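Just below is one structure, and these are the notes that go with it.
The values are calculated or read from the model by the stated rules, or taken from the named source; none is laboratory data. Not measured: the values here are computed from a predicted model. Here the Cβ is made from the backbone with ideal geometry for all residues, glycine too, and neighbour counts use every protein chain on show. Heads up: the accessible areas ignore ligands, DNA and RNA and are worked out on the full protein's heavy atoms, side chains in. Shrake-Rupley method; radii C 1.70, N 1.55, O 1.52, S 1.80 Å.
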Amino acid sequence: CNPSLSHLITEKIGAGWVKELSQLTKLREFVGDKSFLQEIFKTKQENKRKLAQYVFNQYGIELNTGSLFDIQVKRIHEYKRQTMNLLHVIILYNRIRSNPNGDFVPRTVFFGGKAAPGYHTAKQTISLICHVADVVNNDPMMKDRLKVVFLSNYRCSLAEVIMPAADLSEQISLAGTEASGTGNMKFMLNGALTIGTLDGANVEMSEECGIENMFIFGMRVADVEKLWRDGYDTRKFLSDLPELQLAFNQIKTGFFNSSEPHKFEGFVDGLISNDRFCVIADFAAYVAEQEKVSELYMDWVQWTEKCLLNIAGSGKFTSDRTIMQYAEEIWKVKSVEVDLAPVQDTKE
């Protein structure tokens, strides 16, 4: 799904990586090659233009392709914490409104995913994302500085456009709740940097590319367990988070949906009274890490170096390696080389 990046890699290390993905580690030796980094950067911009064109064709929204493409596409579920991402968007929106002449790193935030038919909270989350997007995207004060897009009908063919274009991959489930995750690996392979918790496959990814090349935040599993043992009171956290309090108030009072001002009262009250996945407890750490993201994005060389190290570290995450490991450790069988005869053309 990313032929331009594939071609660039093949030019640098040969085509062997296509059959043996672990060969991507060879890319590490080029992390100081500025001309190669520039080619990777150009490839990413090319892919961002393709996604921007898709968004314009589908939704009529014009995007700033120089902005940071911040993407969270996955099943809509409370534990995956799309709400935390959206609350951060609202805070960015309020900061720009309160300081219209301020120097802000431009950002386009993409959401995508489907909700189970009977999952009311997930459906409300999608609805709220769309309401916030409508306000943000039609506020002239935002200009090219902030846009929000909900990508409808998320599917494999759409992922082939999204993943090559991502600058930042949101993998922000509460530590201890994600069984594995595979989208994060695909983003990594396509040169996106990850903001996430030490949960699911993020743990293995950090081991392969180096935790310093990811944006890791939030509680670890032991911290979450201690929080609940000690008695988690969201209001103790909220008292130190005035920007989050304002965001909650805006949602509750209909700032983002004046035609149905009380639509999301229960949504907010439910989160504050029963924050099962610790959105509020992890929120300050998440916002602080996002500020590090913005700061690094302004240095394209350092950002692209980390992108390259992520690509180079993604070779472990292939089904070929998994099957080989099963064969060796579980099935106790050896591989056998097979010479296949060339396929004969049966057409007369």
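For region 30-152, with every protein chain kept in place, what is the accessible area per residue (1.4 Å probe, Å²)? Please list the in-between numbers first.
Working: 5130 Å² over 123 residues.
Per residue, region 30-152 has 42 Å² of solvent-accessible surface.
Restricting to lysine pairs 8 or more places apart or on different chains, what number in region 62-156 have Cα atoms under 24 Å apart?
So the count of such lysine pairs works out to 9.
Taking the Cα atoms only, what angle lies between the long axis of helix 242-252 and the longest principal axis of the chain, rounded to 10 degrees?
So the inclination is approximately 80 degrees.
Who wins for biggest fluctuation among MET214, MET163, MET142 in a Gaussian network model of the chain, springs between alpha carbons below 10 Å?
The residue that fluctuates most here is MET142.
Testing the spin-label approximation: label points 7 Å from Cα along Cα→Cβ at GLN245 and SER259. State their distance in nm.
3.3
Amide H of ILE216 versus every other amide H placed in the peptide plane: which residues, excluding those fewer than 5 positions away on the same chain, fall under 5 Å?
Residues meeting the criterion, in which the H sits 1.01 Å from N, are GLY196.
For region 304-339, run through the GluC sites (Glu not before Pro) and keep only the ones in DSSP coil with at most 16 other Cβ atoms within 10 Å of their Cβ.
Numbers: sites: GLU305, GLU328, GLU329, GLU337; in loops: GLU337.
Taking region 304-339 and a limit of 16 other Cβ atoms within 10 Å, the loop GluC sites (Glu not before Pro) found are GLU337.
For the chain, what does -39500 (n - 2.57) per DSSP helix run (n ≥ 4), summed and divided by total residues, give at 222 nm, in deg cm²/dmol to the nearest 500? Walk me through the numbers on the way to the answer.
Details: 14 runs with 172 residues, N = 348.
Theoretical 222 nm ellipticity from helices: -15500 deg cm²/dmol.
To the nearest 20 debye, what is the magnitude of the charge dipole of region 1-121 about its Cα centre, counting +1 on the Cβ of each Lys and Arg and -1 on the Cβ of each Asp and Glu? Don't skip to the end; give the middle numbers.
Numbers: 18 positive and 10 negative charges, 57 e Å.
That gives region 1-121 a dipole magnitude of about 280 debye.
Could you do me a favour and compute the accessible area per residue for region 162-282, 1.4 Å probe, result in Å²? Walk me through the numbers before you get to the answer.
Numbers: 5030 Å² over 121 residues.
I get 42 Å² per residue for region 162-282.
Can you tell which of HIS7, VAL105, LEU92 lies farthest toward the positive end of the dipole of region 1-124, using +1 and -1 charges on the Cβ of basic and acidic side chains (Lys, Arg; Asp, Glu)?
Checked the options; the winner is LEU92.
Mind running the shape call on region 276-348? Use the C-alpha gyration tensor, a ≥ b ≥ c as the square roots of the eigenvalues: rounded below 1.5 for a/c, prolate if a/b tops b/c, oblate otherwise. The partial results should precede the final answer.
Numbers: a/c = 3.17, a/b = 2.02, b/c = 1.57.
Cα axes put region 276-348 in the prolate bin.
To the nearest Å, what is the center-to-center distance of region 54-83 and region 187-239, using C-alpha atoms only?
21
Translational diffusion coefficient, Stokes-Einstein: compute it for the chain using the Kirkwood radius over C-alpha pairs as Rh, at 25 °C and 0.890 mPa s, and state it as an integer in µm² s⁻¹. Spell out each step's value before the answer.
On the way: Rh = 21.7 Å.
After rounding, the answer is 113 µm²/s.
In whole percent, and with a 1.4 Å probe on the protein chains, what portion of the accessible area of the chain is carbon and sulfur? Intermediate values should be presented prior to the final figure.
On the way: 9020 of 17220 Å².
Ligands and nucleic acids excluded, carbon and sulfur reach 52 percent.
With r as the distance between the Cβ atoms of MET298 and LEU238 and R0 = 41 Å, compute the FRET efficiency 1/(1 + (r/R0)^6) and round to 0.05. Kindly include the intermediate steps, with their values, before the conclusion.
Numbers: r = 31 Å, r/R0 = 0.76.
In this case the efficiency is close to 0.85.
Please say if region 120-161 is rounded, prolate or oblate, where rounded means a/c under 1.5 for a ≥ b ≥ c the square roots of the C-alpha gyration tensor eigenvalues, and otherwise the choice is prolate for a/b larger than b/c and oblate otherwise? Mind showing how you got there, number by number?
Values: a/c = 4.11, a/b = 1.33, b/c = 3.10.
It is oblate, given that a/c is not under 1.5 and a/b is not larger than b/c.
Please give the charge dipole size of the chain, origin at the Cα centre, charges +1 on K and R Cβ atoms and -1 on D and E Cβ atoms. Round to the nearest 20 debye. Can you show the working numbers first?
On the way: 39 positive and 45 negative charges, 124 e Å.
Taking the Cα centre of the chain as origin, the dipole is about 600 debye.
If r is the Cβ-Cβ distance from GLN325 to ALA179 and R0 is 22 Å, what FRET efficiency results, to the nearest 0.05? It would help to have the intermediate numbers written out before the result.
On the way: r = 18 Å, r/R0 = 0.83.
Efficiency for this residue pair is about 0.75.
If you line up the long axis of helix 156-165 against the longest principal axis of the chain, both from Cα atoms, how many degrees apart are they, to the nearest 10?
Helix 156-165 sits roughly 80 degrees off the main axis of the chain.
For region 217-348, with only Lys/Arg (+1) and Asp/Glu (-1) charged at the beta-carbon, what is the dipole magnitude about the Cα centre, in debye rounded to 20?
On the way: 15 positive and 23 negative charges, 73 e Å.
Charge dipole, region 217-348, about its Cα centre: 360 debye, nearest 20.
Taking Cα atoms, how many degrees apart are the long axis of helix 279-297 and the longest axis of the chain, rounded to 10 and kept between 0 and 90?
Approximately 60 degrees, to the nearest 10.
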